[in-house]
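Structure first, commentary second.
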Amino acid sequence: MNNSAANTGRVLWAGLRALLVLTVVCGVLYPLAVTGIAQVAFPGRANGSEVTDASGRVVGSELIGQTYLDGDAPDLRWFQPRPSNGLGSNSVNTQYKLILSGATNRSGDNADLVTWVTEAKAAVVKDNSVHGHAVKPSDVPADAVTSSGSGLDPHISPEYAKLQVHRVAEVNKLDVAAVDRLVADHTDGRILGFIGEPRVNVLQLNIALKELVAAKG
């Protein structure tokens with residue numbers, strides 16, 4: 001009986017020591033080492049890839065999309081991101097909120113998805129058809145009317161950005177060619193030349209647009 005109790009005590013003490021050592025190594029030292037290396041090697045990414053404006057104020061992250069609204073409607077002064085329906089309009093993931101993210105997971109013939117896409121396409125055509133420049137439904141790219149898999153995509157395609165150029169120029173009283181150059185300057189190519197697709201970060205593009213408007217006076 002005494003030997004059994006002693007053996008049990010030794011096992012428990014060994015387990016406790018292992019727990020303490022692993023807690024210190026895996027729960028303290030390892031996270032500190034990884035955090036320290038990340039801060040030295042990749043400080044921007046380690047801190048959330050923050051984006052600052054001309055005044056140095058943090059205005060968001062280059063990894064997370066944002067909305068540009070005037071009340072409940074899109075603020076047409078700005079380039080608009082792709083929709084953020086995410087898990088649906090009745091979920092907590094609406095308008096790029098970060099409580100929960102995800103795709104709609106609806107099939108291509110789902111009635112709700114068809115309605116969303118149809119309404120979104122009509123809105124894109126209406127919002128971006130300005131005097132002397134009419135947008136046709138066939139001009140609207142897929143990312144203008146569908147949300148991404150996460151519902152938080154910060155990028156749009158160059159095609160969607162260019163579709164918005166005339167509207168942004170007219171609303172802000174800017175030259176179309178100048179706004180078109182902004183899009184070209186903020187279009188990123190494929191990673192390593194072959195991974196992914198060309199893309200435009202909407203937040204960074206709108207920061208440049210704000211600076212252009214301010215410079216115009």
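Details
- Just one of the listed residues (THR52, THR104) is at pLDDT 80 or above and of a type in the set (S, T, N, Q), and it is THR52.
- Subset of segment 73-96 [modelled with pLDDT of 80 or more, in a loop (DSSP other than H, G, I, E, B) and surrounded by fewer than 15 Cβ atoms within 10 Å (Cβ to Cβ)]: ASP75
- Within segment 130-177, the set of residues being over 25 Å from the mean Cα position of the chain (by Cα) and either among the acidic types (Asp, Glu) or under 15 Å from TRP78 (Cα atoms) (or both) comprises VAL130, GLU170, LYS173, LEU174, ASP175, VAL176.
The values are calculated or read from the model by the stated rules, or taken from the named source; none is laboratory data. Quick caveat: nothing in here was measured; it's all calculated off a predicted structure. Using ideal geometry, Cβ is built from the backbone for each residue, glycine included, and neighbour counts are taken over all protein chains shown.
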